[in-house]
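Q: One structure, pasted below without further comment.
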Amino acid sequence: METNILGYLKHHLKTRLIGCELHYLETTGSTNDVAKDLAEKGSPEGTTVIAGLQKAGRGRHGRTWISSQGNLAISFILKPDIDRLYLLPAISSLSVLHTLRKLGIDASIKWPNDILINGKKVCGILIESQFEAGILKYSIIGIGINIKLDVLKHPEIAEISTSISAHTNKSISINEVTLILLTELENLYTRIDDAYRIYTEWLDSMETIGKRVKVNMGKAMEEGTVETVNEEGNLILLRDDGTRIEVIAGDVTLLKY
Ligand code: BTN
């Protein structure tokens, strides 16, 4: 039985910003919603919300995120300068990548911020930002990591997902994963002004570059080869007719041909 996560974090955490205010809920709907409420009520940047069990986890593009007990569902309140907002997908996905690396696990990023182990998704990130009169009030970074999710129990994701323990065959401590994640997020976020370094590391860690993909942009679907991701974080897709499009938001599926 793991020791209480709040006690563990308070004892071990050495960050200044991330986790400055820590909230743990045994059960909740979505940690992003809790973090949003806290931000509206004035909780500071760095506030962190963790759920033991998240019952209504939300994913990108209106999807559901499955997160049973023993998996990490966590959200952070961040308040970057608006002109650095575009770096949040890179910063958050790299912080998970660094965390996995510290645990001895090799992973990669699928644009914009899915984390894959051997091509299967182990982590999803949902970033939701709130603006008022063109001013960024706050961003909520929601991170879900499959730590011991038995994907075989969930047919809808069994083919495309994995978990840390399925990959390592070991039981990994959720407390340890959380501690490393908070530390890595702080390390990257406090260097947000070093945009080029963050961008190049993100690009180097992305397995999407050069691959044939299908991009679902909600209203339209595009197919082609990913040429690169530009410094603004947008995907540059080379269509088969030689024309290019810049994709700001979409869901990428890697094709096998
Ligand atoms: C995705 O891949 O579609 C993003 C999934 C994001 C899931 C996390 S779990 C913690 C936070 N709370 C939510 O409701 N969603 C995010």
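Q: Could you tell me the relative contact order of the chain? Use alpha-carbon pairs under 8 Å, at least six residues apart, and round to a whole percent.
A: So the answer I get is 16 percent.
Q: If you don't mind, there's one more thing I want to ask. Using packing as a proxy for protection, rank 50-63, 187-200 so that the peptide with the highest average count of other Cβ atoms within 10 Å comes first.
A: 50-63, 187-200
Q: Using 1/(1 + (r/R0)^6) with R0 = 41 angstrom and r between the beta carbons of Leu255 and Tyr196, what's the FRET efficiency to the nearest 0.05?
A: Once the sixth-power term is evaluated, E becomes 0.85.
Q: Starting from the Cα-Cα distance between Lys219 and Leu103, subtract it from 0.36 nm times their residue separation and give me the gain in nm to one decimal.
A: 37.8 nm
Q: Under a straight-distance cross-link criterion of Cα-Cα below 24 Å, which lysines are reachable from Lys214, leaving out those fewer than 8 residues away in the same chain?
A: Correct list for Lys214: Lys110, Lys120, Lys121, Lys256.
Q: Let me ask you something else. Which residue, Ala166, Phe131, Thr190, has the largest displacement toward the positive end of the dipole of the stretch 98-257 when charges sit on each Cβ (Lys, Arg +1; Asp, Glu -1)?
A: Positive-end residue among those listed: Ala166.
Q: Let me ask another. Tell me, what is the per residue accessible area of the chain in Å², probe radius 1.4 Å?
A: On a per-residue basis, the chain sits at 49 Å².
Q: Additional query: Ranked highest first by the average count of other Cβ atoms within 10 Å around their residues, in what order do 79-85, 119-125 fall?
A: 119-125, 79-85
Q: Counting each DSSP H run of 4 or more residues in the chain as -39500 (n - 2.57), what helix-only mean residue ellipticity at 222 nm follows after dividing by all residues, to the nearest 500 deg cm²/dmol?
A: -7500 deg cm²/dmol
Q: Roughly how many percent of the accessible protein surface of the stretch 197-255 is carbon and sulfur, given a 1.4 Å probe and a whole-percent answer?
A: With neighbouring chains kept in place, the figure for the stretch 197-255 is 49 percent.
Q: Rounding to the nearest 20 debye, state how big the charge dipole of the stretch 1-63 is about its Cα centre with +1 on each Lys and Arg Cβ and -1 on each Asp and Glu Cβ.
A: 220 debye
Q: Subtract the Cα-Cα distance of Arg239 and His12 from 0.36 nm times their separation in residues, and report this length gain in nm to one decimal.
A: So the chain would gain 76.8 nm between Arg239 and His12.
Q: Let me ask something else about it. Say each of Thr168 and His61 gets a label point 7 Å from the Cα, pointing the same way as Cα to Cβ; how far apart are those two points in nm?
A: 3.0 nm
Q: A further question on this structure: From the square roots a ≥ b ≥ c of the eigenvalues of the alpha-carbon gyration tensor of the stretch 101-257, which class results: rounded (a/c under 1.5), prolate (a/b over b/c), or oblate?
A: Because a/c hits 1.5 or more and a/b fails to exceed b/c, the stretch 101-257 counts as oblate.
The values are calculated or read from the model by the stated rules, or taken from the named source; none is laboratory data. Computed from a predicted structure; not experimentally measured. Glycine gets a Cβ as well: all are built from the backbone with ideal geometry, and neighbour counts include every protein chain shown. SASA here: full protein model, heavy atoms, side chains in, ligands and nucleic acids out. Shrake-Rupley method; radii C 1.70, N 1.55, O 1.52, S 1.80 Å.
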